[in-house]
Each structure stands twice: as structure tokens, then as C-alpha cells.
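Peer 1: Dumping the structure here so I can ask a few things about it.
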Amino acid sequence: MHADSSIRQFLNWTRTIRRNYDSVQDQGAIQSLRRFLITLWFFVPLECLLALWFGLYRAPADEPAVQRWASNLLLIHSITAVITLVLALVVVRALNRPQLKTRTAVVLQVLLCSIYLLYGALVSAVDLSIGSGIASFILVSFGIAGLSLMPPKISAPLFGMAFLVFAQLLVRASPSPSILLSMQINSFAASVLALIVSMIIWHQYAKGVLLLRELSRNNEELINTQLELEHLAGHDALTGLPNRRLLHDRLSQALASSARSGRTGALLFIDLDNFKLLNDTRGHDIGDQLLQAVARRLSACVRRGDTVARLGGDEFVVMLVNLSDTQHGAVMQVEIVAEKILGTLNAPYTLGAQEHLSTPSIGITLFDRYAEDAEELMKRADIAMYQAKDAGRNRIRFFDPQMQAQVDIEQALKSDLREGIAQGQFSLHYQPQIDATGRIAGAEALIRWYHPARGMVSPAHFIPLAEESDMILSIGQWVLESACRKLAQWSTNPGLEHISIAVNVSARQFRHADFVEQVLGVIAQTAANPCRLKLELTESLLVQDIEELIEKMQRLKTRGISFSLDDFGTGYSSLSYLKRLPLDQLKIDQSFVRDVLTDSNDAAIAQTIVALANSLGLEVIAEGVETQEQRQFLAASGCLSYQGYLFSKPLPEDAFERFAQQQQPLPIPG
């Protein structure tokens, strides 16, 4: 979800940049157009004054060239004044539009420049003999156009020179032949200036055209980038499949469509079995290759209108739509597709240079016009998938309402468990551990939970739920603190000072980075004797980082804390691990003790565990001892420590203390 959220934020950021970019471009073009309008408003009265001047000017009768020059300038300035006024009104109207865009402003500006240039060329073609007037007019028209596009440091000097040329033209000392020389000089100067300004103006004109092209290209690039980012926001980067976000959108659409058409759909929740083992043993690159291959195979198993999505990790979802409008028909269609997927994903994969076999667990739920929301359907398919795993993996399971009922029960129990932790509803019971002499040598601390409404809740019910979350850390810490406080109390109580306490430590608790510091901190806080504390570890810890496990055990063992391997023989133990672990004791699981007298296999296993412990120099204790015959068999096999209902059930603190102080040595079996 952290990924999808980052992409959505980046998309919003991109859209904002695009809006800001467009806004900046619009403002720049509008500002340029406003400068153009200011120039036009300046030249409208100037052209009117020039037209009035040449209208009132009376050239000498003997100077026909001057007369022709003055009359032509009168006509040119009059027409220019009208054109300038019309263009100014056009620009005013454009600027008054509520949403004037860059393209419109630039096009309008380039068009107005073009009109001035075209008008100047047309006037030049009409009367080429009036060099000074035409050159001056072209200079003025170019100046007007240029002032709107050029920076002030360029346009201002050019306009100043143009004004000087006009001033020279308007100065008339006397009607004499010298006016002709002045006209020629002015015409030459005006022509040079017109050439310079025209080069600048055409350069600015080209910049306007290029700006339009650049805007178009930038806009296209932004659109393509936005489309690509939107694709990434809805698709998995590794496989290219739709991600959770896009799947949720399509599922919502499918639910709406199903409500209208009455046709059934289905969700198939697919999880790859033992994928973590592949990642850990062969690396994430090989794991990614498998995920990509699975994505291709899944896509080949469905129709064009169906959806294959990757939720993350090794979880995939297939959504089938437009199935039969009857539940029986839909189930048959989904079974066909699920069996096809199961067979396809069971085929060997070539990963790197090796062949790999992978199996899926598939959970299925159907939906129709009466279906719940998308999240509820996803939860149901997920529940069915875990049922497939519990059934042995590589299987297909349909969602059963009874599954949901069980999940609801577990969720309610989890909620009560959190409340129980907060309110301190737990207590410790202690089950005696008997040595070879029949006396109590120690006790195992066992947590008990009395709920105000549920009554006594079995640890078999709430401990597995706690281990699924961080609640086991809080519970484990409370048990450790309570046991150490009891050790400190017993150390001053005659008859109890020799008793050690065994505390169960979950794999999640032991793997916590600060576990060693937490244990030592509790011992320091409670002033408990660490030599009387025994930590019971489960065999599931042995599948984790063995080096880290050994390092933590050794740090605690140097402080006097001992270790017992609980439920030995039921999990992952190996001789190589046992040789390296700084253990003090093996505990024979009660499943072997229960039938030790009637099952030759259990008897052989128990005897082997005892022999193994003796060979490694470890103590051995048997739990679940309920009869004297079981005790006698274990004693004959070399096991001299026992725990079970033969001696006592787990007792509350006060009852245990009375039992320990009153207990007499039991007869040693002969």
C-alpha cells in the first residue's frame, strides 16, 4: 500500500507541475500581449498626430516631390492609425477573455506582427518612389511589433532611434532643395534601422512559432508521462499485472455489473506454497523469475475480460466475470478454471539453470447481485486459501460460511485478548517438576486467563492467536517479569529457595532484537537469581538464523540462565544443531510419553531421546507423566526428572507454595 500511495502522490505532484507550467506559460504570453497593447495605444495617437501634421502641411508649389511625399505620408499615417486602433481593440477583447491560454496569446501576437509586416510590404508595392515615407512606416510597424516581443533593453533604444528619425523628418527649416537631401539621409537611416529591426522581429516571430511547437511537444510529453505513471499506479512493477488498487476498482465495477445482469462472478485467491523457502535458499532474483513466470501462466488461463492481479509477495488474485446465472453452473465453470490453473502452476519452471517445482493453494469465493462489498469478498477468498493450505497445500477450497463464523470467533477472541492484556486479566500457575529423589526441583510457569464473560480460557486457544501478532511479546514479557518476581520472593522463603522456574519463550519473542537486554533488565529490576531461571525454547526457533540463536543463548548463559529444549522430537531438531546449542536440558514431549507403554515406536523414541541427552551431557525431563508405570519405564530408561498429573496439576501461586512446603518425597521406583 506504501508503494501505491507514493505513486499516487507522485501523480498528483506531476499534475500540479503541469498545471503550474501551463499557468506560467499563460501568464508569460498574456504579459507579452499586454506590452503589445500598450505599444498600440501609444502609437494610435502618434499616428493620428502625424496624419494631422501632414494634412495641415502645405508644401511649396515648386516642390512637387515634397508635395507628393507629404500627401502620401498623410494617407499612410491615416490608414496606419485606423489599423492600429482596430488591432488595439482586438487585443483588448482577447485579454478580456476569462481563460486566455498560451497558444491563443502567441498566435494572436504573431498574427498581429504578420499583419503589420504584410501591410508595410503592400504599401511599399503601391508606391516605391516614396523611400523615406515607406522606410519610416516599415520602421514604425516593425517597432510596434517588436516592442511586444523583445526585451525592453532592446526595444527601447530602437524606438528611440525611430522617434529621432521622425523628428528629423518633421523638422522643416524652409521649403528649399535641402529638404530633398534631408529626405534622402533620413530614408537611408530609416532603411538601415528597418533592416536591423526586421531581423530582430523575424527572429522573435520565429521564437513565437517555436514556442508553439515547444508547448505542443511539452504537453505531449507530460501527457505520455502522466499516462505512464497512471499505468504504474495501477499495475505491479515486477509482473505488469494489475495491483491491489486496480483490482479493487475492477471488482467494484464487476459487482455493479453483476447486480444489473444477475450473472455470477468469482474471486480466486492464489498463494504459492513454500515461496519464502525459495527466496531464502536461491535468492530474490530467482524468486522474482518465478513470480513473473506464474503471472504469464495465470494470464494464459483466463479469458480476455477476466482479471489477473498481483497483491504483493507471492499472492495473486484471479477475477472471473460473466459466469452462469445459476450457482451450480458458476461453480462448475470456476472449478474448470481452478483445475486448469492448478495443473498449469504445477508444471516445472526453469529458473536460472535449474528446474523448480512450485504448487499453489487456491481459495475461491463466488459473488452475485447479493454479494457483499469488495473487501468482504477479498477476505472470504483469503480465508478459503488458508483452508486450502491447512488441508495440505496444492489444493482448491471454496469459501464456506462456517469458515467465516470461525474467523469471527477468532477476531472476537483477539479483541478480548487485547483487552485482557490492558486490564491485567492473567495469572500464573506453576506445575511441579520432580527430580530423581521425588522432591520438587523446579516448576514450569504456565499462563492462565480468566475472562469476566468467557470464564477460564485455555492457553491452547489464545496463545496461537497471540503468536500471530505482537501481543505475544506483551504476554511473554509479563510472564517473565511475574516469574522473576516470584523467584525473588522464594529466595527468602525456607523450603522454596532451591526451586527454579521454567518460562516458555516463543520464537517471535526470542527473535526480538532486544530480547537479551529485556531478560537481563527484568532480572536486575526484580533482583531474581538468574541461576534459578530456565528458559524453555521451542524447536521452531531452529529454522531461523542459528548463529544469532547461539549468540543470544551464550550471552544469557554467561549470566547463569539455563536453557531447555521443549517438546523435543516433534519439530526441526537435528544432531548438528544440538551439538552447537548451549542447552542444559531436553524435554520429552508428552505425545511420546502418553503411549510409551503401548506403542513400541513411542517407547523407542523416548529411549533414544534419553540416550542422546546422556551422550551430549544434557539433562532430560519428561512431561505428561500421569501413571506410576510411565514413571517407572522412564526411570528404567535413564530419565530421572518428571512433570505431569501423576505429581500435580498446574497450581495457583499460593496453592503451589503450600504444596511445595508440605510435599514429601515420593517413593523411588525400583
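Peer 1: With the cut-off at 1.5 for a/c, could you classify the stretch 234-330 from its C-alpha gyration tensor as rounded, prolate or oblate?
Peer 2: prolate
Peer 1: Just subtract the alpha-carbon distance of His248 and Val92 from 0.36 nm times their residue separation and send over the number in nm, one decimal.
Peer 2: That works out to 51.0 nm of additional length.
Peer 1: What FRET efficiency, computed as 1/(1 + (r/R0)^6) with R0 = 51 Å and r the Cβ-Cβ distance, is obtained for Leu597 and Ser324, rounded to the nearest 0.05?
Peer 2: Once the sixth-power term is evaluated, E becomes 0.30.
Peer 1: Write down, largest first, the equivalent ellipsoid semi-axes of the stretch 306-391 in whole Å, where each equals the square root of 5 times an eigenvalue of the alpha-carbon gyration tensor.
Peer 2: 26, 15, 12
Peer 1: Still on this structure, I have one more. Express the accessible area of the stretch 462-569 per residue in Å², computed with a 1.4 Å probe while the remaining protein chains stay in the model.
Peer 2: 41 Å²
Peer 1: Carbon and sulfur: what percent of the stretch 239-348's accessible surface (1.4 Å probe)?
Peer 2: That share works out to 50 percent.
Peer 1: State the volume of the convex hull built on the alpha-carbon positions of the stretch 449-497, expressed per residue in Å³ and rounded to an integer.
Peer 2: Per-residue hull volume (Cα only) is 106 Å³.
Peer 1: Expressed in nm to one decimal, what extension gain is obtained for the pair Thr608 and Ile409 from 0.36 nm per residue of sequence separation less their Cα-Cα distance?
Peer 2: Using 0.36 nm per residue and subtracting the Cα-Cα distance, I get 67.5 nm.
Peer 1: In addition: What do the square roots of 5 times the Cα gyration tensor eigenvalues come to for the stretch 507-622, in whole Å, largest first, as semi-axes of the equivalent ellipsoid?
Peer 2: 28, 15, 13
Peer 1: Checking the table Lys276/Lys552; Lys276/Lys579; Lys557/Lys579; Lys379/Lys414; Lys276/Lys414 against a 21 Å threshold on Cα-Cα, which pairs fail?
Peer 2: Long pairs (Cα-Cα over 21 Å): Lys276/Lys552; Lys276/Lys579; Lys276/Lys414.
Peer 1: Cα atoms only: what Rg and Dmax, in Å, come out for the stretch 417-466?
Peer 2: Reported Rg and Dmax, both Å: 14.2, 44.
Peer 1: For Phe398, what accessible area in Å² do you get when you roll a 1.4 Å probe over the heavy atoms of the protein chains, rounding to the nearest 10?
Peer 2: 60 Å²
Peer 1: Next up: Find the centroid of the Cα atoms in the stretch 445-463 and in the stretch 601-645, then give the distance between the two in whole Å.
Peer 2: One Cα centre to the other: 29 Å.
Peer 1: Of all alpha-carbon pairs in the stretch 389-529, indicate the percentage at a distance above 27 angstrom.
Peer 2: Distances greater than 27 Å cover 36 percent of the Cα pairs.
Peer 1: Could you tell me how far the Cα centroid of the stretch 468-499 sits from the Cα centroid of the stretch 254-311, in Å?
Peer 2: First find each Cα centre; the distance between them is then 48 Å.
The values are calculated or read from the model by the stated rules, or taken from the named source; none is laboratory data. On a predicted model such as this, the values are computed, not experimentally measured, just so you know. All Cβ positions, even for glycine, are placed from backbone atoms using ideal geometry, and neighbour counts span all protein chains on display. The area values use the complete protein model at the heavy-atom level, side chains included, leaving out ligands, DNA and RNA. Shrake-Rupley method; radii C 1.70, N 1.55, O 1.52, S 1.80 Å.
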